[in-house]
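Asks: My questions will all concern the structure given below.
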Amino acid sequence: MYKQRPEKDKLFRLVLKGEQAALMDILEGERHELFDYLMRMTGQVTRSIESVDEVFSSLTRETIATLGSYGELKVCIFATARRFNADIWNADISILVNAALSNDKARHADVIEVKVNNPKSALKADAAFRSLGGQQREAVLLSVITGFELAEISEITDQPIREVEQLISQGLVLLKQELGANTDVVEFMREHLVMHPRPVRSSQMTLNLSQLMQGIRTKPVGIWSPMRLTLIGVVLALLVAWLVYPAAFTRMADAWRPAPVASEK
């Protein structure tokens, strides 16, 4: 689940140039990770599915145009999803079972299958992670698994960076108690914590990307835009000409003034 960002940064630069396929690639790549985040914090499948669609539908070209990087877009997506589910956040998910690790395949026939390389270790990682309290669970998930920086987690969760650091440390200590003192907790969780499988019906994008991408490069560029500079230059040139050659402007005004109408006697 842990991902490096350079490739996504390249894609985001293409998005800012107006390339629709690049935005599709980015958002489709975020769909599964965002769904897993919501599942691990709310425990509700239907709510998580709907929230992913709501978050993507809430994106506008104006919003995207104000973002400077892929990282900022990712923070925006996760923070929005969190706000949409504030009423059920930090739910107790200790008794829930990840469908990817369930033996009841018939019960979960409507989900996209997730490959599990080591089921025993995956079950161990999942159970340990579910034992964490909500705040520690979220902090570890966002930092260790999803790969957010401390400042980004602080922005998503609206918590001070120092508190985020404490929550991560607490979570890792609790995980080490569950997994064993000799376990490299970070590596173990990155390797074996399996994402919740997405329901089949949520695998397609619900965005009108053509509409979203229209004008994505037309964000305001401030008072010094080329058009405004040209207009200012014309006005200044006319002002200087009037100051230097006032007589010329007087003759022009006389030329444009209508001729007087002769009065009838």
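The values are calculated or read from the model by the stated rules, or taken from the named source; none is laboratory data. All of these numbers come straight from a predicted model, not from anything done at the bench. Quick reminder, even Gly has a Cβ in these numbers, built from the backbone with ideal geometry, and neighbours come from all protein chains shown. Side chains are part of the model used for accessible areas, which takes the heavy atoms of the whole protein and leaves out ligands, DNA and RNA. Shrake-Rupley method; radii C 1.70, N 1.55, O 1.52, S 1.80 Å.
Asks: Scan region 17-32 residue by residue and report those that are open to solvent by 10 Å² or more (accessible area, probe 1.4 Å) and within 15 Å of the chain's Cα centre (by Cα). Full working, then the answer.
Replies: Of region 17-32, the ones open to solvent by 10 Å² or more (accessible area, probe 1.4 Å) are 17-21, 24-25, 28-29, 32.
Within region 17-32, M24, D25, E28, G29, H32 qualify.
Asks: If you don't mind, another one. Can you pull out the residues in region 57-99 that are open to solvent by less than 20 Å² (accessible area, probe 1.4 Å), part of a loop (DSSP other than H, G, I, E, B) and of a type outside the set (A, V, I, L, M)?
Replies: Within region 57-99, N85, N98 meet the criteria.
Asks: If you go through region 57-92 one residue at a time, how many are among the β-branched types (V, I, T) and more than 11 Å from the chain's Cα centre (by Cα)? Don't jump to the end; show me each part of the working.
Replies: Taking region 57-92 as the starting set, the residues that turn out to be among the β-branched types (V, I, T) are 60, 63-64, 66, 75, 77, 80, 88.
Applying the additional criterion that residues be more than 11 Å from the chain's Cα centre (by Cα) yields 60, 66, 88.
Count: 3.
Asks: Related question: Could you tell me whether E113 is open to solvent by 60 Å² or more (accessible area, probe 1.4 Å), at pLDDT below 95 and either part of a helix (DSSP H, G or I) or more than 23 Å from V185 (Cβ to Cβ) (or both)?
Replies: yes
Asks: While we're here: Going residue by residue through region 45-56, is there one that turns out to be within 20 Å of E152 (Cα to Cα), crowded, with 19+ Cβ neighbours inside 10 Å and of a type in the set (V, I, T)?
Replies: Quick first cut of region 45-56, residues within 20 Å of E152 (Cα to Cα) only: 52, 55-56.
From what's left, crowded, with 19+ Cβ neighbours inside 10 Å: 52, 55-56.
Narrowing the set further to residues that are of a type in the set (V, I, T) leaves 52, 55.
The answer is yes, given that some residue of region 45-56 is within 20 Å of E152 (Cα to Cα), crowded, with 19+ Cβ neighbours inside 10 Å and of a type in the set (V, I, T).
Asks: In region 131-160, which residues are open to solvent by 10 Å² or more (accessible area, probe 1.4 Å), farther than 21 Å from Y70 by Cβ and part of a helix (DSSP H, G or I)?
Replies: Within region 131-160, G134, Q135, Q136 qualify.
Asks: Now a separate question. Going through region 11-36 one residue at a time, which ones are acidic (D, E) and closer than 13 Å to C76 by Cβ? Explain how you work it out, then say what you get.
Replies: Kept after step one, since they are acidic (D, E), are these residues of region 11-36: 19, 25, 28, 30, 33, 36.
Scanning region 11-36 gives a single hit, E30.
Asks: Return the residues of region 130-144 that are of a type in the set (K, R) and farther than 15 Å from T157 by Cα; say none if nothing qualifies. Spell out the reasoning first.
Replies: Within region 130-144, the first condition is being of a type in the set (K, R), and the residues that meet it are 130, 137.
Answer for region 130-144, where residues must be of a type in the set (K, R) and farther than 15 Å from T157 by Cα: just R130.
Asks: Those residues that are touching a residue at least 24 places away in the same chain (Cβ under 8 Å) and among the small types (G, A, S), I need them from region 129-160; list them, please.
Replies: S131, G133, G134, A139, S143, G147
Asks: So, one more: Within region 100-110, can one find any residue that is part of a helix (DSSP H, G or I) and hydrophobic (A, V, I, L, M, F, W, C)?
Replies: Step one: of region 100-110, the residues part of a helix (DSSP H, G or I) are 100-101.
In the following step, the residues that additionally are hydrophobic (A, V, I, L, M, F, W, C) were identified as 100-101.
Yes, there is a match, as at least one residue in region 100-110 is part of a helix (DSSP H, G or I) and hydrophobic (A, V, I, L, M, F, W, C).
Asks: Out of T60, T42, T46, which single residue is among the polar types (S, T, N, Q) and either touching a strand residue (DSSP E or B) at 6+ places or on another chain (Cβ under 7 Å) or at pLDDT below 90 (or both)?
Replies: On the way: T42 fails: either touching a strand residue (DSSP E or B) at 6+ places or on another chain (Cβ under 7 Å) or at pLDDT below 90 (or both); T46 fails: either touching a strand residue (DSSP E or B) at 6+ places or on another chain (Cβ under 7 Å) or at pLDDT below 90 (or both).
From the options T60, T42, T46, the qualifying one is T60.
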